[in-house]
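Take this structure, written in structure tokens, and hold onto it; I'll ask about it next.
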Amino acid sequence: MYKILVVILLNLMLTACTAMAQEERQGIDAMEEYFDFVDYGGGAIFPEQIPEKDWNKFFIIDTRNATQYENEHIPGAVNIEWRQLLARRSELPRDKTILVYCNTGTLSAQAGLALRLAGFDNLNILQGGIREWREKGGFKAYERAIQAP
């Protein structure tokens with residue numbers, strides 16, 4: 001009886017390991033496919049590339065935590081912490097460009113990669129995050145950039 005239980009347990013473990021390896025391979029395949037076709041910038045966009053009148057064309061997501069969002073955020077942004085984006089992807093539009101940002105662009109770049117791998121091709125990452133957005137003039141960054149000497 002003991003030998004039968006050991007064989008069953010080993011069989012279950014082998015099946016679980018095989019399934020995990022298959023899922024891992026699928027994830028790696030998805031990343032390879034993404035890297036084969038993504039443009040060099042990976043969807044990054046600078047604040048000065050967005051005219052003030054075009055900001056309302058984006059579904060803006062602040063990927064920082066709730067405290068940081070409450071302290072300061074880009075007006076009109078929705079707060080979805082970067083770790084929650086995949087779990088809440090059903091809330092994201094497919095018919096509007098999504099713009100994700102964090103403080104400097106690091107966490108939002110990770111969130112952007114995850115969303116792209118999940119099939120969101122309507123996505124941009126705000127290069128430099130809210131810090132660069134603020135330093136370059138916020139909604140006026142584009143106008144400032146084209147008026148610079």
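The values are calculated or read from the model by the stated rules, or taken from the named source; none is laboratory data. Note that the structure is predicted; figures quoted are calculated from it, not measured. Cβ coordinates were reconstructed from backbone atoms using ideal geometry, including for glycine residues, and neighbour counts include every protein chain displayed.
What's the number of the condition residue 59 fails, among (1) surrounded by 14 or more Cβ atoms within 10 Å (Cβ to Cβ); (2) part of a loop (DSSP other than H, G, I, E, B); (3) touching a strand residue (DSSP E or B) at 6+ places or on another chain (Cβ under 6 Å)?
Only one criterion in (1) surrounded by 14 or more Cβ atoms within 10 Å (Cβ to Cβ); (2) part of a loop (DSSP other than H, G, I, E, B); (3) touching a strand residue (DSSP E or B) at 6+ places or on another chain (Cβ under 6 Å) is unmet by residue 59, namely (2).
While we're on this one: Does region 90-106 include one or more residues that are part of a loop (DSSP other than H, G, I, E, B), modelled with pLDDT under 95 and among the β-branched types (Val, Ile, Thr)?
Yes, because at least one residue in region 90-106 is part of a loop (DSSP other than H, G, I, E, B), modelled with pLDDT under 95 and among the β-branched types (Val, Ile, Thr).
Return the residues of region 128-139 that are touching a residue at least 40 places away in the same chain (Cβ under 8 Å) and either under 20 Å from residue 97 (Cβ atoms) or loosely packed, with under 14 Cβ neighbours inside 10 Å (or both); say none if nothing qualifies.
Matches in region 128-139: 128, 130, 132, 133, 136, 138, 139.
Picking from 113, 117, 86, 92, which residue would you name as being among the hydrophobic types (A, V, I, L, M, F, W, C), more than 10 Å from the chain's Cα centre (by Cα) and under 30 Å from residue 25 (Cβ atoms)?
Just one listed residue meets the conditions, 92.
With the structure loaded, tell me whether residue 83 is basic (Lys, Arg) and at pLDDT 95 or above or whether it fails that test.
No.
Hey, can you tell me all the residues within region 107-125 that are closer than 14 Å to residue 59 by Cα, part of a loop (DSSP other than H, G, I, E, B) and not hydrophobic (A, V, I, L, M, F, W, C)?
121, 122
If you take the residues in region 101-114 that are without any contact (Cβ under 8 Å) to a residue 40 or more places away in the chain and touching a helix residue (DSSP H, G or I) at 6+ places or on another chain (Cβ under 7 Å), which one is nearest to residue 66 (Cα to Cα)?
So, considering only residues that are without any contact (Cβ under 8 Å) to a residue 40 or more places away in the chain and touching a helix residue (DSSP H, G or I) at 6+ places or on another chain (Cβ under 7 Å), the one nearest to residue 66 (Cα to Cα) is 103.
When residue 19 is evaluated against the numbered criteria (1) at pLDDT below 65; (2) assigned by TED's automatic domain parsing to the domain that holds residue 90; (3) not hydroxyl-bearing (Ser, Thr, Tyr), which criterion, by number, is the only one it fails?
Tallying (1) at pLDDT below 65; (2) assigned by TED's automatic domain parsing to the domain that holds residue 90; (3) not hydroxyl-bearing (Ser, Thr, Tyr), residue 19 fails exactly one: (2).
Restricting attention to region 85-127, which residues are among the small types (Gly, Ala, Ser) and surrounded by 19 or more Cβ atoms within 10 Å (Cβ to Cβ)?
If the condition is that a residue be among the small types (Gly, Ala, Ser) and surrounded by 19 or more Cβ atoms within 10 Å (Cβ to Cβ), then 105, 108, 109, 111, 112 are the ones that fit.
Tell me which residues, restricted to region 64-84, are surrounded by fewer than 16 Cβ atoms within 10 Å (Cβ to Cβ) and assigned to a loop (DSSP other than H, G, I, E, B).
Passing the criteria: 65, 72, 75, 76.
Please go through region 67-84 and give me each residue that is in contact with a Phe, Trp or Tyr (Cβ under 9 Å, 6 or more places away or on another chain) and either over 19 Å from residue 137 (Cα atoms) or hydroxyl-bearing (Ser, Thr, Tyr) (or both), ordered by number.
Residues satisfying the conditions are 78, 79, 81.
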